[in-house]
1. Share of antiparallel DSSP beta bridges in the protein assembly as shown, in percent to the nearest 5?
2. At 25 °C and 0.890 mPa s, what whole-number value in µm²/s does Stokes-Einstein give for the translational diffusion of the range B:283-387, with Rh from the Kirkwood sum over Cα pairs?
3. If I require 18 Å or longer along the helix axis, counting alpha carbons, and a Kyte-Doolittle average no lower than -1.0, what helices from chain B are left? Use full DSSP H segments.
4. In Å, the Kirkwood hydrodynamic radius of the range B:48-128 over pairs of distinct alpha carbons?
5. For the full complex of protein chains and a 1.4 angstrom probe, list B:260, B:200 by accessible area with the highest value first.
6. Determine the calculated [θ] at 222 nm for chain B from helices alone, applying -39500 (n - 2.57) to every DSSP H run no shorter than 4 residues and normalising by the residue count; nearest 500 deg cm²/dmol.
7. Solvent-accessible area of residue B:170, probe 1.4 Å, all protein chains present, reported in Å² to the nearest ten, please.
8. Hey, if you drop one equal point scatterer on each alpha-carbon of the range A:4-87 and run the Debye formula without solvent, what base-10 log of I(q)/I(0) do you get at q = 0.10, 0.15, 0.20, 0.24 Å⁻¹?
Amino acid sequence: MPKVQLELPSAWNAGSAVGAVLPAGTMPIGEVLAELGRSSPVLRARLFAPHGRLRRSFAVYLNDDDVRSLSGESTLVHDGDRVRIVPSLGGG
Amino acid sequence: MPRRSATRISVDLPALSAEDRRRYSRHLALPQVGELGQRRLKAGRVLLVGTGGLGAPAALYLAAAGVGTIGLVDSDQVDESNLQRQVLYSSSDVGRPKLDAAGDRLASLNPLVRIVRHDAELDPSNALSILRGYDVVVDGTDNFPARYLINDACVDLGIPDVFGSVYRFEGQVSVFHPPNGPCYRCLFPEPPPAEAVPSCAEGGVLGALPGIIGMAQAIEALKILLGEGRPLEGRLLLFDALEMQFRELTVRRDPRCRRCSPRHRHDPLVAEGGGEGGEASDPDLEIGSEELRRALSGATPPLLVDVREPEEYAAGHLPRARLIPLGELRGRAGELSGPRPVVVYCRMGHRSGRAARLLRDLGLTEVRTLSGGLAAWEDSDHRARRSTR
Ligand SMILES: [Zn+2]
């Protein structure tokens with residue numbers, strides 16, 4: 001049972017395995033994302049720019065709030081929370 | 001968001017003809033539209049940028065509803081592969097300019113509305129003059145540079161930007177209209193890296209999907225013209241066709257937004273992400289003020305390089321910054337090779353953006369440019385002090 005529910009953009013083709021990589025317990029969302037990046041080079045490239053900076057081309061929501069309106073990457077994620085990455089879609 | 005007062009009866013709203021009354025009788029029957037609302041629609045001017053998957057259904061419904069002036073921006077021709085979703089066009093239109101085909105179709109649907117054709121691709125030089133004078137802009141484009149440009153021009157002109165986008169089985173809708181709500185850059189400050197962005201042509205899109213999103217955009221445009229209902233400002237509507245599920249997320253204004261914060265509202269328009277000429281900003285090379293501040297107090301503080309002119313440097317610079325004017329940078333790049341990462345900066349971030357690209361091209365791997373330059377740095381400095389008071 002994954003402790004934190006994670007939703008990645010379907011366009012990222014990340015599959016459904018990602019929920020399992022998250023360790024249990026409370027941690028900052030920046031670490032959750034770093035952990036995610038370590039799980040797959042593809043995800044890492046999606047999430048982080050070459051110098052390790054989190055990209056700003058998608059929004060990260062913790063439950064119903066954009067983490068930028070909380071404490072950014074230091075926002076704490078607890079068991080049972082839902083983390084959702086909202087991608088920027090370009091098509092029309 | 002209070003409803004705009006229905007008592008805003010203006011003498012310059014056009015009157016309805018007998019033909020209008022027959023055609024729009026189902027609108028006249030709605031208390032929220034009625035005679036006054038229909039006159040507002042008749043006076044309304046909506047610009048559709050892009051007449052593809054999103055613009056096609058939006059244009060059909062806006063014309064049918066009696067929006068008096070509908071502008072269309074597109075420079076494409078109808079391709080056979082468009083017909084799977086761009087319901088404005090017929091098989092016989094293949095090869096015709098979209099503006100001609102769309103203009104004919106909309107005129108036959110409703111000869112009472114005026115169609116204005118802008119045979120152009122939106123760019124930083126023409127965006128303001130094309131958008132100016134419209135009440136609402138509907139973003140139905142298919143690429144990020146156009147989306148950022150539409151946002152930036154709408155913020156500058158104060159026009160609501162009715163945003164819609166699709167990919168494969170998913171869609172998004174929102175209305176960006178600061179200061180009432182956030183802008184597109186508040187939500188997505190930067191475009192995704194180009195290699196991570198397959199287009200609908202490569203990735204595919206379900207035929208009816210842009211229909212539902214484009215029609216949601218048309219409804220938002222009508223609500224704005226009518227001044228009725230709760231606009232989709234500050235809310236992002238997500239649609240998942242495979243799950244047949246709508247969800248809504250709250251989007252907040254970013255007080256540091258590089259477009260809709262007061263100091264940036266009227267910044268010159270630039271081509272964003274994948275623009276021509278290599279002058280577009282490269283998000284991977286940028287470092288924000290907060291991040292730089294942290295890096296400077298960290299274990300391996302970066303070497304700061306001021307690429308402005310000596311007199312600008314003399315008037316004030318960041319502590320311990322080294323002066324190398326942009327014009328001398330190529331010849332003096334050797335001074336910067338070493339273990340320390342380099343951060344270049346200037347006043348606004350334009351010159352240092354060029355500097356960072358130059359240094360990267362010369363083989364420096366650890367180089368970044370201060371995003372927004374000293375202007376952004378000072379801004380964040382003020383905020384930091386205020387918040388500790
Ligand atoms: Zn903004």
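The values are calculated or read from the model by the stated rules, or taken from the named source; none is laboratory data. Keep in mind that this is a model prediction, so the values were computed, not measured. The area values use the complete protein model at the heavy-atom level, side chains included, leaving out ligands, DNA and RNA. Shrake-Rupley method; radii C 1.70, N 1.55, O 1.52, S 1.80 Å.
1. The antiparallel fraction comes to roughly 45 percent.
2. The diffusion coefficient I find is 180 µm²/s.
3. Working: long enough: B:144-157 (20 Å, 0.52); B:209-226 (26 Å, 1.51); B:373-388 (23 Å, -1.35).
Sorted by number, the helices that extend far enough and score high enough are B:144-157, B:209-226.
4. About 12.6 Å for the range B:48-128.
5. B:200, B:260
6. Here the helix-only value at 222 nm equals -10000 deg cm²/dmol.
7. Looks like 50 Å² after rounding.
8. Evaluating at q = 0.10, 0.15, 0.20, 0.24 Å⁻¹ gives log10 I(q)/I(0) of -0.20, -0.47, -0.89, -1.36.
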